[in-house]
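Reading through the structure tokens given below for one structure.
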Amino acid sequence: MTDHAEWLRQLRAEFLAAWAIAKKDMLIYYIKPNIIVSGALFPLFMFLAFAVGRPETPSVMIPGLIAITILFSASSIEPVSIPIERRMKTFDRLISAPVSLHAVVFGESLSGFLYSIGIAAVPFIAGIVIFATSVTNPVPLVIGVLLTSFCFATMGTLFAAYPTESPGDIMSMLNVVRLPLIFISGIFIPVDQIPSIGQYASYFSPLTYGNDLIHAAYSGTTYFNPVADIVMLIVFILIFQFAANRLYRKFNE
């Protein structure tokens, strides 16, 4: 019984530490111009560049816009905040604080996750108010947005492990991954219409499964089984969290 109580106490302490890290990022970085541009404006302009003139209805296009917004907004906080804090030498103090590395990685990911939820609400509300789109099943929308946001927030934390003091270095590497994900994940072209090599590549993209769930909320149909979408997103989250912990430990020994 004592061991169980001690475990719960430690878990609570770790969560409070992670929340303190996330709250710090909210207060400092959410309104920085480069965060707003890379996390909100850039995905919007990219989506419009490929969507304008296409025959699809808003109920088809809005889910794709939500998915792209999540991809960029969730993975934009940590690649900016962590290099800046390295430059200011505050990240070293954070790593050496009496909290586990798991709490640090989770807290950094949590800040990107919460930011992404707020930004993703914009196209969702715009779709309802401006284009009168309707959600036929809110369950896959909620699950898809939550899991996809945390997945890409963790991916941003993973890339931010690279030991640099320049956010541009990490953003450059991150875009090498983010941009191809858009075109193999069924956002602009359904997965079953992508050339075969692209279809195989789409299985390794977490955006494929997140986009599939979000589309299901509007259309009622999915390319994969919804349970498979959920499982794969959880698998990607666990992989990114594990890899991030290993890299931060390696680069900060």
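None of the figures in this text is laboratory data; all of them are computed from the coordinates on show. Computed from a predicted structure; not experimentally measured. For neighbour counting, all protein chains shown are included, and Cβ atoms are generated from backbone atoms with ideal geometry for every residue, glycine included.
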- Using label points projected 7 Å from each Cα along Cα→Cβ, tell me how many nm separate I239 and F251, to one decimal. 2.0 nm
- Gain on full stretching of the segment that runs from T221 to A121 - 0.36 nm per residue minus C-alpha separation: 33.8 nm
- For the chain, the longest principal axis of the Cα atoms and the Cα long axis of helix 167-184 enclose an angle in degrees, to the nearest 10, of 30 degrees
- Lys pairs under 19 Å by Cα in the chain, provided they are eight or more residues apart or on distinct chains: 5
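When the helices in the chain are scored as -39500 (n - 2.57) per DSSP H run of 4 or longer and the sum is shared across all residues, what 222 nm value do you end up with, to the nearest 500 deg cm²/dmol? Provide the component values of the computation, followed by the final result.
Working: 12 runs with 191 residues, N = 253.
Result for the chain: -25000 deg cm²/dmol, rounded to the nearest 500.
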- Message: For the ranges 119-127, 19-27, what's the packing order if you count other beta-carbon atoms within 10 Å of each residue, average per peptide, and put the highest first?
- Response: 119-127, 19-27
- Only Lys, Arg, Asp and Glu count, each charged at its Cβ (+1, +1, -1, -1), so figure out the dipole size of the stretch 2-251 about its Cα centre, rounded to 20 debye. 540 debye
- Item | Protection-proxy order for peptides 226-239, 79-92, 203-216, 146-159, each taking the mean of Cβ atoms within 10 Å per residue, highest first | 146-159, 203-216, 79-92, 226-239
- Task: Kindly express, to the nearest 10 degrees and within the range 0 to 90, the angle between helix 206-219's C-alpha long axis and the longest C-alpha principal axis of the chain.
- Result: 50 degrees
- What is the extension gain from L11 to N175, computed as 0.36 nm multiplied by their sequence separation minus the C-alpha to C-alpha distance, in nm to one decimal? 55.6 nm
- Item | Calculated from backbone phi, Karplus (6.51, -1.76, 1.60) coupling profile of the stretch 5-17 in Hz, x at Gly/Pro | 5, 5, 5, 5, 5, 5, 4, 5, 5, 5, 5, 5, 5
